[in-house]
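Have a look at the structure below, then the notes.
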Amino acid sequence: MSSKAYDAIMSRNSEILLKATGIDYAKYSDGPLVLDYEAMMAATGYSDEAVESVQSEVSVGRTPMLELRNISEFVRSAAPAGQGARIFLKDEAANPSGSFKDRRASISAHRAAAAGYAGLIAATSGNYGAAVASQAAIRGLRAIVIQEAFDSQWRGQPEILEKTRKCEALGAEVIQTTVGPELFYLLLSTLEETGYFNASLYTPFSVQGIQTLGREIVRDVRARTGKEPAAILATHAGGGMCTGIGRGMRAEGATDTELIAVSVNLQGLHMASDHDFNRKSFTTGHTGFSMPFTTWPDRSDVPRNAARPLRYLDRFVTVTQGAVFYATELLAQLEGIERGPAGNTSLAAALIIAQQLPADASIVVSETEYTGAGKTPWAQLAFAEEMGVRVVTGKSDQEIPGQVIALPLAIDDIGVSEVDLRDLRMSYLRGSRRAVGREFTAGERAFLTEDGRISDGDWEAWERASRLGVSGGVGE
């Protein structure tokens, strides 16, 4: 890739993306900040009922809601008397490709087929590629998945390579690359060359597809318990799941349900670093994505991101890699359910958060995903040791991302760390201020208040920090 070719493709970014989605983001934007978000979402032309109908046609959604009775009892054995909420699990592995991402791919595939595109393209290292491949196959479309798979020594994580196998099994062409800036270039150049639909994770089509998950969770729990859940725990990476679930919850009137984002703590590792890329055991649902996407969502592969988690989050916590491996084994050995790692990120947090709630309350882990040889804890831990990461047993606070994975021996060894949402909001405001290079206008301030759920107290803290010249913060 020459610098000239790179610059030429990047200069046509807006033109290529407009042709590849049919969305003119400029219609909904006023400068670099202000976005008519609800108008952009409505411009897809799909109502909530239409989305449900599309997904029903292709056997997406309406997945089982499982009560984890044995795990709930296990949690109560460690909780104070009268504490220990019922834990439910939305089994999204029942979708055609084995994850909730069929929901977001289903609407993109439907739109692509209706608009006469010959195929779909997605840039992803994760389950979304398999979802795009699956939905494309159902609709009689081609699929290309561009996957950031290797470090500079062409070493690939078992989990990523398992997802490559899944994509190819479902008929997709997979283009693999090493970690670096060429991923977006490859996406744009392939879109331009093929004329295919950009099935981005971050379009309104994608987020609308996830809203049905939030709606179903609320309906399912109300049917099972007679009331809405106390909390829904959603694994958080790029923000699509949290945004879609948040919107679905609101549509169902679940005003008292807390939406809790959960990420694996990979603080100190950089996702674009060749050195760090293979020193993590999780390719999604970690802070390497969730922190930057929360504080500046428009860093995505479309001009304006429909996944905007600060609009919906009530709480944000992190867990360790070791805790997720522990939860994975617990689910298998106590409930007889073997599932992949992403949903078990939220399950790890649920083991602790359930203890903080009364026994007659309920909480929901929002997803499961399919498993495979490369996704098992043993494959991931063996690869971690190959990369020089020590694997030990002990409490979560012993873990050092990229250096040590600590496997809990008991539920009391698990730690859940709170992320201060105000810090994230301050980072969002700092990034917004850099984008405009001046004081905010009244319109920009109104948009930021809504987009980031910025309270009067948050604005006062921001203005006080600005007067003092304070900079930096979480996610920067």
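Details
- For segment 40-101, the carbon plus sulfur part of the accessible surface works out to 46%, probe radius 1.4 Å.
- If the segment from Leu18 to Tyr6 were pulled out straight at 0.36 nm per residue, it would be longer than the present Cα-Cα gap by 2.4 nm.
- Loop-resident trypsin sites (Lys or Arg not before Pro) (DSSP state other than H, G, I, E or B) in segment 254-346 with no more than 14 further Cβ atoms inside 10 Å of their Cβ are absent.
- Of interest is the spacing of the C-alpha centroids, which for segment 240-284 and segment 67-121 amounts to 14 Å.
- Rolling a 1.4 Å probe across the protein heavy atoms gives segment 43-116 an accessible surface of 37 Å² per residue.
- A crude spin-label estimate for the pair Glu173 and Ser466, with each label 7 Å from Cα along the Cβ direction, gives 5.0 nm.
- Accessible surface of segment 214-279, 1.4 Å probe, proportion on carbon and sulfur as whole %: 44
- Sparsely packed loop sites in segment 210-260 (the trypsin sites (Lys or Arg not before Pro) outside DSSP H, G, I, E and B with at most 16 other Cβ atoms within 10 Å) comprise Lys227.
- Set of lysines near Lys19 by C-alpha distance (under 17 Å), chain-local residues within fewer than 8 positions excluded: Lys27
- Förster radius 25 Å - calculated FRET efficiency between Arg422 and Asp397 (Cβ-Cβ, nearest 0.05): 0.55
- For segment 404-449, GluC sites (Glu not before Pro) meeting the loop criterion (DSSP other than H, G, I, E, B) and having at most 11 other Cβ atoms within 10 Å: Glu439.
- Simple rule: put +1 on each Lys or Arg Cβ and -1 on each Asp or Glu Cβ in the chain, find the dipole, and look at Thr376, Asn278, Ala26; the Cα lying farthest toward the positive end is Ala26.
- Solvent-accessible surface of segment 167-206, averaged per residue with a 1.4 angstrom probe and all protein chains in place: 35 square angstrom.
- Given [x] 62, 54, 47; [y] 71, 54, 46; [z] 67, 49, 47, the label whose value is Cα extents along the principal axes in Å derived from this model: [x]
- Check: segment 1-62 dipole with +1 on Lys, Arg Cβ and -1 on Asp, Glu Cβ, in debye: 420
- Gap separating the Cα centres of segment 185-226 and segment 420-465, nearest whole Å: 28
- Simple label model, 7 Å out from Cα along Cβ direction - Trp378 to Ala114, nm: 4.7
- The residues of segment 231-294 expose on average 27 square angstrom of accessible surface per residue, using a 1.4 Å probe on protein heavy atoms.
- Förster radius 22 Å - calculated FRET efficiency between Ala410 and Ala359, Cβ distance, rounded to 0.05: 0.60
- For Arg464, the solvent-accessible surface computed with a 1.4 Å probe is close to 120 Å², ligands and nucleic acids excluded.
- With the charge dipole of the chain set up from +1 on Lys and Arg Cβ and -1 on Asp and Glu Cβ about the Cα centre, the Cα lying farthest toward the positive end among the listed residues Cys242, Gly336, Ser72 is that of Cys242.
- Of Val262, Ala251, Gln211, farthest towards positive along the dipole that unit charges on Lys, Arg, Asp, Glu beta carbons give segment 169-271: Ala251
- For Ser56, the solvent-accessible surface computed with a 1.4 Å probe is close to 60 Å², ligands and nucleic acids excluded.
The values are calculated or read from the model by the stated rules, or taken from the named source; none is laboratory data. Because the structure is a prediction, the values reported are computed rather than measured. Ideal geometry is used to build each Cβ from the backbone, glycine not excepted, and the neighbour counts take in all protein chains shown. SASA here: full protein model, heavy atoms, side chains in, ligands and nucleic acids out. Shrake-Rupley method; radii C 1.70, N 1.55, O 1.52, S 1.80 Å.
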